[in-house]
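> The following block contains the structure, expressed as structure tokens.
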Amino acid sequence: MSGHTSSYVPTSRWGKWWDERLPVARLMHGSFVDFPTPRNLNYLWTFGGILSFCLVAQIVTGVILAMHYQPSAAEAFNSIESIRRDVNYGWMIRNFHSVGASMFFLAVYIHMFRGFYYGSYKAPREVLWILGVVILLVMMATAFMGYTLPWGQMSFWGVTVITNLFSALDTIYNGLGTAIVEWLWGGYSVSGVTLNRFYSLHYLLPFVLTGVVVLHIWALHTAGQNNPTGLDIREPSDSVPMHPYATSKDAVGLFAFLILFAWFVFFVPDYLGHPDNYVVANPLVTPPHIVPEWYFLPFYAILRAFTSSFLGIPLGQYAKLCGVVAMFSAVLITAFSPWLDTSRVRSAKYRPIFKWFFWFFAFTCVALGYLGSKPAEGVYVTWAQIFTVCYFLYFLVVMPIVGLLETPKKLPRSITEAVLGRNGAALPSGATAAPQAR
Ligand code: HEM
């Protein structure tokens, strides 16, 4: 799995027997034990491991839930209640899975913003980054379909609104959008048929996700890890073996993350959900305010920013189509970051101007999230339009232009120098320079 050669030596006859036939232990050792890891990784680099944990936790809890869940319009809602009340520890498994979706997105957003800040998308990690964007898309599809399954009011109306978006294609070719929507629904409205197919795909997609994650980690081990300086590993003292240095840090990061996770699961399991989803789906009653889960809110704000007029530009019948295109583009544009960012320097630590734009971009995403939770009217729409423009300007103007105009700060000569100072000055007297990567 990696470009690095494993130093694995089987210690038993049994180990040697396997190593000559199926060297899985050698592969694991080379990838996760003696793999050269930059010596200066901070706690933001523990989120890859945290995400791997979240993926496994979602699959394990999901498989158990599926043993008790009934994917039909008549029984879905009650089966979730029965899992919470009647199944042994069902409440815990269900809370773990529903809170787990939020924690998964929290971790993935931190992981992505870490990549944006330290320029982890830049060469040679372009494929690694694009695989990350594919992961995000698959996660979004999985979460969207999963939210339909409890068959509450918000499940039903959320799926109605979002699948209906495809009808915007009718403005390009009459009947095309409606045909797609009916094909997705499996009928002329959202029904038990839709629920059943979403359940099937919700079960399948996490395994597709696992496959893409394996490729993501393979690409990571081929290009090697970035680090806070953005410099490559040049000298042996720049790196340490992954185990125990990075693995123990990962364990601490995961433990801290689990405290937050457990707090939600055991104390406020419904805090991140919507009260309307505890009312059984009713196709005859529309909730006053349809909102998705928090992790979709920035994209939802972009979608709804396109009303009949966008910052004074009349959109007329194309408003909905523009909103749908902008919403999907907001995710897809991140995949082009490696080519949009023209700077020679990776890490924003050494990019005095870009750094401010990065923080403004982070603020823009939070602001869009807030606006997505508000009704699409009045001043909220105007602000959503302004921040939508800011969002795209970051990629289309800031990344290409700031990279050309900015003078980066002086970079350290190596990772070792960034950690220890020149000539290892930060070392206590008598200590040796640095642990060597094997
Ligand atoms: C299920 C979701 C994901 C899993 C399990 C996962 C896993 C990992 C792991 C284990 C690492 C190495 C440890 C670390 O750097 O934190 C990593 C690195 C990385 N991931 Fe992900 N990842 C996921 C999603 C994403 C997404 C959505 C993106 C971006 C769109 C992304 C971009 C990257 C990049 C650029 C690196 C290299 C970072 C560096 O070396 O600085 N990942 N990922």
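> Mind telling me which of the residues GLY158, GLY152, GLY175 ends up being more than 10 Å from the ligand (Cβ to nearest atom) and on the phi > 0 side of the Ramachandran plot?
GLY175
> Moving on to the next point. Criterion first (open to solvent by 30 Å² or more (accessible area, probe 1.4 Å), away from the ligand (no atom under 16 Å from the Cβ) and part of a helix (DSSP H, G or I)) does PHE53 satisfy it?
No, not satisfied.
> Report, ordered by the first and then the second residue, all pairs with beta carbons closer than 6 Å, sequence separation of six or more or different chains, a first member in segment 345-364 that is more than 18 Å from VAL397 (Cβ to Cβ) and touching a residue at least 60 places away in the same chain (Cβ under 8 Å), and a second member that is open to solvent by less than 10 Å² (accessible area, probe 1.4 Å) and among the polar types (S, T, N, Q).
Final answer for the pair search is SER347/THR229.
> Let me ask something additional. Within segment 230-241, does at least one residue satisfy the condition of being within 15 Å of the ligand (Cβ to nearest atom), among the charged types (D, E, K, R), open to solvent by 50 Å² or more (accessible area, probe 1.4 Å) and not assigned by TED's automatic domain parsing to the domain that holds MET140?
yes
> Kindly indicate whether any position in segment 245-267 is within 16 Å of the ligand (Cβ to nearest atom), modelled with pLDDT of 95 or more, open to solvent by 20 Å² or more (accessible area, probe 1.4 Å) and over 24 Å from the mean Cα position of the chain (by Cα).
yes
> Check segment 65-72 and report whether any residue there is free of Cβ contacts under 8 Å to residues at least 60 places away in the same chain and among the hydroxyl-bearing types (Ser, Thr, Tyr).
Looking for residues that are free of Cβ contacts under 8 Å to residues at least 60 places away in the same chain and among the hydroxyl-bearing types (Ser, Thr, Tyr), one finds none in segment 65-72, hence no.
> Pick from segment 83-130 the residues that are part of a loop (DSSP other than H, G, I, E, B) and open to solvent by 50 Å² or more (accessible area, probe 1.4 Å): which of them is farthest from the ligand (Cβ to nearest atom)?
ASP86
Yes/no per residue for (1) open to solvent by 50 Å² or more (accessible area, probe 1.4 Å); (2) of a type in the set (Asp, Glu):
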| residue | (1), (2) |
| --- | --- |
| ARG351 | no, no |
| VAL366 | yes, no |
| GLU377 | yes, yes |
| TYR380 | yes, no |
| LEU393 | yes, no |
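> Show the residue pairs meeting these rules: Cβ distance below 9 Å; 6+ apart or different chains; first residue within segment 263-277 and of a type in the set (Ser, Thr, Tyr); second residue surrounded by 13 or more Cβ atoms within 10 Å (Cβ to Cβ).
TYR271/VAL99; TYR271/PHE264
> Also, I was wondering about something else. In segment 403-410, is there at least one residue being among the charged types (D, E, K, R) and open to solvent by 20 Å² or more (accessible area, probe 1.4 Å)?
Looking for residues that are among the charged types (D, E, K, R) and open to solvent by 20 Å² or more (accessible area, probe 1.4 Å), one finds at least one in segment 403-410, hence yes.
> Within segment 324-381, which residues are within 15 Å of ALA301 (Cβ to Cβ), small (Gly, Ala, Ser) and not in a helix (DSSP H, G or I)?
SER373, ALA376, GLY378
> Of all residues in segment 82-111, count the ones that are more than 18 Å from VAL265 (Cβ to Cβ) and of a type outside the set (Val, Ile, Thr).
Result for segment 82-111: 4.
> Counting just the residues of segment 135-166 that are out of contact with any Leu (no Cβ under 9 Å at 6 or more places or on another chain) and free of Cβ contacts under 8 Å to residues at least 40 places away in the same chain, which one comes out surrounded by the most Cβ atoms within 10 Å (Cβ to Cβ)?
THR160
> Now for a separate question. What tally of residues in segment 177-195 results from selecting those that are more than 28 Å from PHE77 (Cβ to Cβ) and exposed (fewer than 15 other Cβ atoms within 10 Å of the Cβ)?
So the answer is 1.
> Given the condition part of a helix (DSSP H, G or I), at pLDDT 95 or above and not assigned by TED's automatic domain parsing to the domain that holds LEU128, answer yes or no: does some residue in segment 304-312 qualify?
Looking for residues that are part of a helix (DSSP H, G or I), at pLDDT 95 or above and not assigned by TED's automatic domain parsing to the domain that holds LEU128, one finds at least one in segment 304-312, hence yes.
> Let me ask something else. For LEU321, indicate whether it is touching a Cys at 6+ places or on another chain (Cβ under 8 Å) and either in the same structural domain as ILE130 (by TED's automatic domain parsing) or not hydroxyl-bearing (Ser, Thr, Tyr) (or both).
no
> Shifting gears a bit: If you scan segment 209-249, which residues turn out to be free of Cβ contacts under 8 Å to residues at least 60 places away in the same chain and closer than 22 Å to LEU51 by Cα?
GLY211, VAL214, PRO244, SER248 - these are the residues of segment 209-249 that are free of Cβ contacts under 8 Å to residues at least 60 places away in the same chain and closer than 22 Å to LEU51 by Cα.
> Go through the residues of segment 34-42 one by one and say whether even a single one is part of a helix (DSSP H, G or I), buried (at least 19 other Cβ atoms within 10 Å of the Cβ) and within 30 Å of the chain's Cα centre (by Cα).
Looking for residues that are part of a helix (DSSP H, G or I), buried (at least 19 other Cβ atoms within 10 Å of the Cβ) and within 30 Å of the chain's Cα centre (by Cα), one finds none in segment 34-42, hence no.
> How many of the residues making up segment 56-73 are surrounded by 18 or more Cβ atoms within 10 Å (Cβ to Cβ) and within 16 Å of the ligand (Cβ to nearest atom)?
Number of matching residues: 3.
> Would you be able to tell me the number of residues in segment 19-33 that are surrounded by 15 or more Cβ atoms within 10 Å (Cβ to Cβ) and over 14 Å from HIS221 (Cα atoms)?
Here the count works out to 4.
The values are calculated or read from the model by the stated rules, or taken from the named source; none is laboratory data. The model shown is predicted, which means the values in this text are computed figures rather than measured ones. We place every Cβ from the backbone using ideal geometry, glycine too, and count neighbours over all the protein chains shown. With ligands, DNA and RNA removed, areas are computed over all heavy atoms of the protein, side chains included. Shrake-Rupley method; radii C 1.70, N 1.55, O 1.52, S 1.80 Å.
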